[in-house]
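Undergrad: Before I ask anything, here is the structure I am working with.
The values are calculated or read from the model by the stated rules, or taken from the named source; none is laboratory data. Treat the numbers as computed from the prediction; the structure is a model and nothing was measured. Neighbour counts run over all protein chains shown; Cβ positions are idealised from the backbone, glycine included. We work out accessible area using only protein heavy atoms, side chains counted, and drop any ligands, DNA or RNA first. Shrake-Rupley method; radii C 1.70, N 1.55, O 1.52, S 1.80 Å.
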Amino acid sequence: MDITVEKSKPLKGVIEIPSDKSITHRAFMFSALTKGICKIKNFSKGADCMSTLKIIENLGCTIKYINDKELIINAKNALKAPTQKLYCGNSGTTTRLIMGILAGQNFNTELFGDESLSNRPMKRVIAPLELMGAEIIHNNYKLPIEIKGKTLNGINYISPLASAQVKSCILLAGLNAEGETSFTEPYKSRNHTELMFQLMGADITINANKATVKKSKLHPIDITVCGDISSAAFFIIAGLIVPESEITLTNVGINETRSGIIDVLKSMNADIELFNERTISNEKIADIKVRYSHLKSTKIEGGIIPRLIDELPIIAVAATQAEGTTIIKDAQDLRNKETDRIKAITNELNKLGADIQETPDGFIINGKTELIGNCEINCYHDHRIAMSAYIAGLICKKPIKINEFQWVNISFPEFLSLFNKITC
Ligand code: S3P
């Protein structure tokens, strides 16, 4: 599906942000480990989470939809050997987390994915799982892989990467390993796994950047998933850069390990206000009001990077509209996402008329530049590049065409219909 985006009028109104992808993956997978019945409310309908749901079904769970926002996972007969290879689609989170679960089972499994996922690095999880005693057959640490179920032993792993996917993989393996399993990371990555483990009664302790689990069972519970700050990010920045806009986004997850974007935007002089703060299923949420703002440049580096890693493409769009030079460093792992996001964003925003320079671990963005548009944009099979281009298109002088915009469905199938609600 190719779409055309034209210069926008002011954005006005209130919208509810749909479900968090990271938390939904975990709600689905962890329910599969409970041997009981869990209700998941407000789950993500993005294709990535549907890949996870299909996999736990293949592993013996029964899924019953109550309505289009709620479903029940019956894991009484799970986990058992699947009768087919498990398809992870485009989803790195599905792959890396499920590997932690499957490595310690008493059956074998095979995982495969789409073209983008088959090129993504899996050594980051295979290496520590092997230290735990896992047997994983692979070619150059890429999908497809075969996992031979083994009895695992706990490890004390010091990770070179701050990565929630690696951390979650190892903690999941640790739930079913002999002894104690610890994961220490250089900076704290998103902690949804730790928070949900606590809710489900796992034996977990957290000490700064170190999480430790002992062999334990997860109890069945009902989980309500909050709205995804990574989805809200596109609307927040649209509200900040489309002149005269004022929008309110409700039900947004503001977990400290995910809310780096709010801190960065505030440092850029953004008019952004959080209110109605509350906690649901161990996750903090708030409503967010944003108004068009005169942004100024900033520097983003170090420990804040894991707190906004998925938002960097759309932050780059905001930086094109900020006075001065914005520098983004320490984000080399952006090159290992659904596509090389440093290259993709640099290529596509420069086409629109931005002034962005690629560096090995980030960007240098000179602003404020007028975006001209009048060109075709590629998504690189990447939902976040597609949505970032859409927001940039709202302030281009001339229309832009975005090729293969359907990639948005990976995380945010509601994107266009919600946008229509705030377009006057
Ligand atoms: C995710 C963790 C992040 C993020 C990804 C989702 C998760 O990846 O980029 O979109 O749900 O755990 P890393 O943990 O590899 O940084």
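Undergrad: Probe of 1.4 angstrom, ligands and nucleic acids ignored: what's the accessible area per residue over segment 364-424, in square angstrom?
TA: Result: 38 Å² of accessible area for each residue.
Undergrad: Taking only DSSP H segments of four or more residues, each worth -39500 (n - 2.57), what value at 222 nm results for the chain once the sum is divided by all its residues, to the nearest 500 deg cm²/dmol?
TA: The helix-only estimate for the chain comes to -8500 deg cm²/dmol at 222 nm.
Undergrad: Ranked highest first by the average count of other Cβ atoms within 10 Å around their residues, in what order do 399-410, 131-142, 97-108 fall? Walk me through the intermediate numbers first.
TA: Numbers: 399-410: 19.9, 131-142: 15.3, 97-108: 22.3.
Highest mean packing first, the order is 97-108, 399-410, 131-142.
Undergrad: With every protein chain left in place and a probe of 1.4 Å, what is the accessible surface of Y65, to the nearest 10 Å²?
TA: 120 Å²
Undergrad: I've got another one for you. Does anyone have the angle between helix 92-102 and the longest principal axis of the chain? Alpha-carbon axes, 0 to 90°, nearest 10?
TA: That helix lies at roughly 10 degrees to the long axis.
Undergrad: Taking K397 as the anchor, which lysines have their alpha carbon closer than 22 Å to its alpha carbon, excluding any fewer than eight residues away along the same chain?
TA: Excluding near neighbours in sequence, the set is K7, K9, K12, K296, K351, K368.
Undergrad: How much accessible surface does E70 have with a 1.4 Å probe, in Å² rounded to 10?
TA: 40 Å²
Undergrad: Mind jotting down a quarter of the surface of the convex hull over the alpha carbons of segment 21-224, in square nanometres, one decimal?
TA: About 9.8 nm², averaged over all directions.
Undergrad: Moving to a separate point now. Normalising by the residue count of the chain, find the relative contact order in percent from Cα pairs under 8 Å and 6+ residues apart.
TA: This gives 19 percent for the chain.
Undergrad: Next question. Mind checking which lysines have their Cα closer than 26 Å to the Cα of K64? Skip sequence neighbours fewer than 8 apart in that chain.
TA: Correct list for K64: K21, K35, K39, K41, K45, K54, K76, K80, K85, K217.
Undergrad: Give the aspartates and glutamates reachable from K398 as a straight Cα distance under 14 Å; neighbours fewer than 8 places away on the same chain don't count.
TA: Filter leaves E6, E370, E376.
Undergrad: Additional query: Which percent, to the nearest 5, of DSSP beta bridges fully inside segment 127-208 are antiparallel? Intermediate values should be presented prior to the final figure.
TA: Working: 4 of 9 bridges.
Approximately 45 percent, going by the DSSP bridge assignments.
Undergrad: Follow-up. Return the carbon/sulfur percentage of the accessible area of segment 21-224, one whole number, probe 1.4 Å, all protein chains in place. Could you put the intermediate results ahead of the total?
TA: Working: 3800 of 7890 Å².
Summing carbon and sulfur atoms, their accessible area is 48 percent of the total for segment 21-224.
Undergrad: Now, a different point. Rounded to the nearest 20 Debye, what is the dipole magnitude of the chain about its Cα centre when Lys and Arg each give +1 and Asp and Glu each give -1 at the C-beta?
TA: Its charge dipole is roughly 660 debye.
Undergrad: Considering only H25, H294, H383, give the residue with the highest GNM mean-square fluctuation for the chain, with springs between Cα atoms whenever their separation is below 10 Å.
TA: H294
Undergrad: For segment 171-226, which trypsin sites (Lys or Arg not before Pro) are in a loop by DSSP, counting at most 16 other Cβ atoms within 10 Å?
TA: Passing both the DSSP loop test and the Cβ count: K217.
Undergrad: Report, as a whole number in µm² per second, the diffusion coefficient that Stokes-Einstein gives for the chain at 37 °C and 0.692 mPa s using the Kirkwood radius over alpha carbon pairs.
TA: D = 151 µm²/s.
Undergrad: Based on the Cα atoms of segment 306-398, what semi-axes does the equivalent ellipsoid have, where each is the square root of 5 times one gyration tensor eigenvalue, given in whole Å with the largest first?
TA: Numbers: eigenvalues 72, 48, 22 Å².
One finds semi-axes of 19, 15, 10 Å for segment 306-398.
Undergrad: A follow-up question, please. Go through segment 172-257 and name the GluC sites (Glu not before Pro) that are in a DSSP coil and have 11 or fewer other Cβ atoms within 10 Å of their Cβ.
TA: When the GluC sites (Glu not before Pro) of segment 172-257 are filtered for loop state and at most 11 Cβ neighbours within 10 Å, E244 remain.
Undergrad: For segment 21-224, what proportion of DSSP beta bridges, expressed in % and rounded to the nearest 5, is antiparallel?
TA: Percentage antiparallel, nearest 5: 70.
Undergrad: Percent antiparallel among DSSP beta bridges with both residues in the chain, to the nearest 5?
TA: 70 percent
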